[in-house]
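The values are calculated or read from the model by the stated rules, or taken from the named source; none is laboratory data. Keep in mind it's a predicted model, so treat the numbers as computed, not measured. We place every Cβ from the backbone using ideal geometry, glycine too, and count neighbours over all the protein chains shown.
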Amino acid sequence: MTPISIFIEIPEKRKAQAQFAFEMLLQPLKCRPVFLHNREDLRKGLYYGTQPQTSSQILHLPYIWPEDDLPNMRLLEIRNQLVPIVYAHEQPYDLVSSAFFWLADVQSRLIKERDVHGRFRYKASFQAKWGFEPLPFVDYYRLHLQSKMHQMGLHTGKVDWQGHPFAACMTHDIDHLYKWTLRRWWKEKRPKAALFQRIDGYEKGLSRLLEVDEQWNLKATWFFKGGANAPEDHYYPLHAPATQDLFQRIVRAKHEIGLHPAYFTHAHPAYFQKETANLRQNAPTNITSVRQHYLRWDHGHTPQLQQENGFRLDAGLSFVDRDGYRNGTCLPFRIFDWCKNKSTSVWEMPLCLHDTTLMQYQNLNAHQALERTHFWLDETKRFNGVLVGLWHNVIYDTEEYPGWATHFEASAKVFGTSGAWCPTLNEALTVFLTS
């Protein structure tokens, strides 16, 4: 990691936020920020503040950060793409506070609108308001900063994805192990045969996910429920022989097991702790990856719960109603803790492609959804990033999810033939931090 000297001359309450932004901007460039306490010590490096710099050895990054955090957006062309800079005057632009805006999910604090499940949606976002899909804006900012750094002779590097230009991670949420529970059978007034048939679409999906991942050499991360606490949850016993057999098949395939906490756990410490303990007690491997059920998130609770329960990474911060990068990056970043005004120890692996988003919320057919797979793979490759996709086992129930399995199998093939490295989430994060 190349050390980069930085002096920050801004209001004290913003310094921790600016340091977080610098760390996340520079990490993928294999640079380590060294924050100086005295302006006179800055001989060569970056200055973030309001005082113009006259030395050619110091890159001045202007400070424009309103007290109320409300955007004052201007467009800047970076690599032939018009990109919204969140905080700007006519000139100049503040790349640091703008990066913080996306990475710390400031907009979800400014905009109070939520759906029936309490989720912040794309249609309420500034991306939608400004007419942009969720592109990796922070990664464009990084390219612009990197160019300026190179002009003054500062060395940067890039992530080495095991010799590949980018990474693609397959993930699966296991909300159901099987379709026909007694409650569902009774509710839908189904014939008895439905209850007693040996294999249904959900169960078939478990085997098919494994087979397709193996066919294209994808090492997937599988998220399992640790409990149930709402009608939106479906309980299945982790200690049961069928579940234990599935765990062993996943481990033999060198995949990863993670936790998919139930509906109310995102803001409920006791539920979260109990479900974490349940999976860790019954799974044959260490559990350090997590994704919240229904992608529910509460900035006042969820980051702390994940950190306090020993999770290394999350993979669920995304828009449920639009594919893309909600937090403006296709690279891992630390989750920011608004309660403590500092980053957590938990890394976010940004979720980009989600079968329910594409096929249900966006109402795409399999062909249209596959076009989105191609688009985001190309965009992620441009930034030497990591694309995370999610497909459920239930998609193999053709009655409920017609065409969804077709999209999964086609996407898995594209992942495997794209030139990407296709590891588990934890493997990808380890390489990102150590390469």
- Query: Quick one: how many residues across the stretch 86-103 are under 26 Å from the mean Cα position of the chain (by Cα) and not in a helix (DSSP H, G or I)?
  - Reply: 3
- Task: Output the strands (runs of 3 or more DSSP E) that fall wholly within the stretch 239-358 and possess 1 or more residues being in contact (Cβ under 8 Å) with a residue 24 or more places away in the chain and more than 15 Å from the chain's Cα centre (by Cα), or say none.
- Result: 256-259, 333-337, 342-348
- The correct count of residues that are over 19 Å from the mean Cα position of the chain (by Cα), among the aliphatic types (A, V, I, L, M) and either surrounded by 17 or more Cβ atoms within 10 Å (Cβ to Cβ) or at pLDDT below 95 (or both) in the stretch 12-28 is 1
- Residues satisfying the stated conditions in the stretch 196-243, i.e. out of contact with any Cys (no Cβ under 8 Å at 6 or more places or on another chain) and of a type in the set (K, R): R198, K204, R208, K225
- Message: From the list D139, D105, D115, D160, exactly one residue is in contact with a Cys (Cβ under 7 Å, 6 or more places away or on another chain), in contact (Cβ under 8 Å) with a residue 60 or more places away in the chain and not assigned by TED's automatic domain parsing to the domain that holds R372. Which is it?
- Response: D139
- Item | Residue ID - nearest to C339 (Cα to Cα), chosen from residues in the stretch 1-29 that are touching a helix residue (DSSP H, G or I) at 6+ places or on another chain (Cβ under 9 Å) and among the polar types (S, T, N, Q) | Q17
- Task: Determine which member of the set D245, D213 is of a type in the set (D, E, K, R), touching a strand residue (DSSP E or B) at 6+ places or on another chain (Cβ under 7 Å), on the phi < 0 side of the Ramachandran plot and assigned by TED's automatic domain parsing to the domain that holds S289.
- Result: D213
- Item | Filter result for D69 (surrounded by 13 or more Cβ atoms within 10 Å (Cβ to Cβ) and on the phi > 0 side of the Ramachandran plot) | yes
- Six or more apart or on different chains, Cβ under 6 Å: which pairs go from a residue in the stretch 1-14 that's closer than 26 Å to L433 by Cα to one that's crowded, with 19+ Cβ neighbours inside 10 Å and among the small types (G, A, S)? Could you list them? I4/G45; S5/G45; I6/G45; I8/A18
- (1) free of Cβ contacts under 8 Å to residues at least 60 places away in the same chain; (2) out of contact with any Phe, Trp or Tyr (no Cβ under 6 Å at 6 or more places or on another chain); (3) closer than 25 Å to F137 by Cα: which one isn't true of A366, the others all being true? (3)
- Message: Pairs please, first residue from the stretch 77-97 and hydrophobic (A, V, I, L, M, F, W, C), second anywhere and in a strand (DSSP E or B), Cβ atoms under 6 Å, 6+ apart in sequence or on different chains.
- Response: L82/L75; V83/L76; I85/R74; I85/L76; I85/Y93; A88/R74; V96/Y48; V96/L61
- Index of the failed condition, S55 passing every other in (1) among the small types (G, A, S); (2) more than 24 Å from F101 (Cβ to Cβ); (3) surrounded by 15 or more Cβ atoms within 10 Å (Cβ to Cβ): (3)
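A quick yes/no check of all residues on (1) of a type outside the set (V, I, T); (2) surrounded by fewer than 18 Cβ atoms within 10 Å (Cβ to Cβ):
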position: N365; (1), (2): yes, yes
position: F375; (1), (2): yes, yes
position: D378; (1), (2): yes, yes
position: K381; (1), (2): yes, no
position: V386; (1), (2): no, no
position: I395; (1), (2): no, no
position: Y401; (1), (2): yes, no
- Might you let me know whether the stretch 44-61 holds any residue that is closer than 20 Å to R326 by Cβ and either touching a residue at least 24 places away in the same chain (Cβ under 8 Å) or among the charged types (D, E, K, R) (or both)? no
- Message: Please go through the stretch 45-74 and give me each residue that is in contact with a Gly (Cβ under 9 Å, 6 or more places away or on another chain), in a strand (DSSP E or B) and of a type outside the set (V, I, T), ordered by number.
- Response: L59, H60, L61, P62
- Task: Just need a number here: residues in the stretch 242-255 that are over 17 Å from Q215 (Cα atoms) and either modelled with pLDDT of 95 or more or touching a His at 6+ places or on another chain (Cβ under 7 Å) (or both).
- Result: 6
- Message: Criterion first (touching a residue at least 40 places away in the same chain (Cβ under 8 Å), in a helix (DSSP H, G or I) and touching a helix residue (DSSP H, G or I) at 6+ places or on another chain (Cβ under 7 Å)) does H144 satisfy it?
- Response: yes
- Message: Yes or no: the stretch 92-111 includes at least one residue that is surrounded by fewer than 18 Cβ atoms within 10 Å (Cβ to Cβ) and at pLDDT below 95.
- Response: yes
